[in-house]
Amino acid sequence: MDNWDEVRTAYQVARMGTVSGAAEVLGVHHATVIRHIDAIEARLGVKLFQRHARGYTPTEAGDDLLRVAQATEDQFNQLVGRMKGRGDDVSGELVVTSLGSLAPLVVPTLTAFQKMHPDLIVRYLTGDRLFRLEYGEAHVAIRAGSAPDQPDNVVQPFRQEEVGLYASASYIERFGKPSGIEDFARHHFVSSDDETSRAPFTRWLRATVPADRITFRCTNNFCMREAVLAGAGIGFMARWEAARHDNLVEVIDPLPEWFGNLWLVTHVDLHRTTKVQAFLSFLKEEAKGWQP
């Protein structure tokens, strides 16, 4: 294929399903997308898409092209990510990913590191999706749960995440403080809406508290924290996070089975680069001052 732009355009049309969606991703006019599709179909002598009112659906030939283009783009992104991580100075992009709930700890650390290295561009990616280090999507990942086991990753234990069970002062004023676990059946609880959550504290809560007493359910830890602070019920929160709020009451002593582990994960190809090593060393030193 002489024109990679046409292949890339066809790939984005197949991925997005519409000309307008592909044009937005590629940053071009929709007429350019249509021209590329017409040109590649004419060059190959086959129809790559079925046109319909809702958009474009790949034909069998289109699916074949999509698979090749996907593999090529993944390999290219992997190469770019590795090239960005090379060099003897701390500059260019530093991409770090973690759960969004760790932002109050990670953002100040990234800011302090960037002040030391003014030529650095920081990208902090949060969310539940596991960004693929093998494709250069991030330089450093802070991950929770069991030790990651993806091949070609360097995994280091980072810290234990201690959590506690808290209620706001307004909740205690309305409903009182539980006298113990045996008193939970008369209280309201905040928890995750994800029935498959593997977080140890969420599993413990579902096994301990009657389902009808979990009266406020959320999709992420940020929302659960806000619900607890607002007095919606009793819920789990990282102990370092709870220490930032004066109106929270720890309702029972924490149990070790609630706690989870955090891991530092890097790809083997980038682990020894100057930038990654400098940030890892800085992060570990900063974390010594974080509350448990």
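If you look at the Cα atoms of the chain, you get an Rg and a Dmax of 24.4, 76 Å. In the context of the full set of protein chains, residues of the chain present 53 Å² of accessible surface per residue (probe radius 1.4 Å, heavy atoms only).
Take the Cβ atoms of Trp240 and Ala42, set R0 to 41 Å, and the FRET efficiency comes out at 0.10. For segment 235-292, the dipole from Cβ point charges (+1 on Lys and Arg, -1 on Asp and Glu) about the Cα centre works out to 360 debye, to the nearest 20. Between Ala230 and Val122, what is the label-point separation in nm under the 7 Å Cα-to-beta-carbon projection? It works out to 2.9 nm between the two label points. Expressed as a fraction of 2.2 N^0.38 Å, the value expected for a compact globular protein of N residues, the C-alpha radius of gyration of segment 212-267 is 1.32.
Given +1 at the Cβ of Lys and Arg, -1 at the Cβ of Asp and Glu and no other charges, the dipole of the chain around its Cα centre is 240 debye to the nearest 20.
Estimated at 0.36 nm per residue, the fully extended path between Glu134 and Arg272 surpasses their Cα-Cα distance by 48.2 nm. Computed in the context of the full set of protein chains, the accessible area of the chain at 1.4 Å probe radius has 51% of its extent on carbon or sulfur. For the chain, complete DSSP H runs whose alpha carbons reach 15 Å or more along their own long axis and whose mean Kyte-Doolittle score is 0.0 or higher are 30-44, 103-116, 274-287.
Of all lysines in the structure, the ones whose alpha carbon falls short of 28 Å from that of Lys275, not counting any fewer than 8 places away in one chain, are Lys84, Lys115, Lys284, Lys288. DSSP finds beta bridges in the chain, and of those with both partners inside it, around 60 percent are antiparallel.
The stretch between Val249 and Cys223, if pulled fully straight at 0.36 nm per residue, gains 7.5 nm over its current Cα-Cα span. Each peptide in 188-194, 111-117 was scored by the mean count of other Cβ atoms within 10 Å over its residues; highest first, the order is 188-194, 111-117.
Each peptide in 256-267, 142-153 was scored by the mean count of other Cβ atoms within 10 Å over its residues; highest first, the order is 256-267, 142-153.
Highest mean first, the peptides 55-63, 203-211, 229-237 sorted by other C-beta atoms within 10 Å per residue fall in the order 229-237, 55-63, 203-211. Considering only the Cα atoms of segment 8-66, their convex hull presents on average a projected area of 3.4 nm².
The values are calculated or read from the model by the stated rules, or taken from the named source; none is laboratory data. These figures come from a predicted structure and were not determined experimentally. Virtual Cβ from ideal backbone geometry, glycine too; neighbours counted across all protein chains shown. Only protein heavy atoms, including side chains, enter the accessible area calculation; ligands, DNA and RNA are left aside. Shrake-Rupley method; radii C 1.70, N 1.55, O 1.52, S 1.80 Å.
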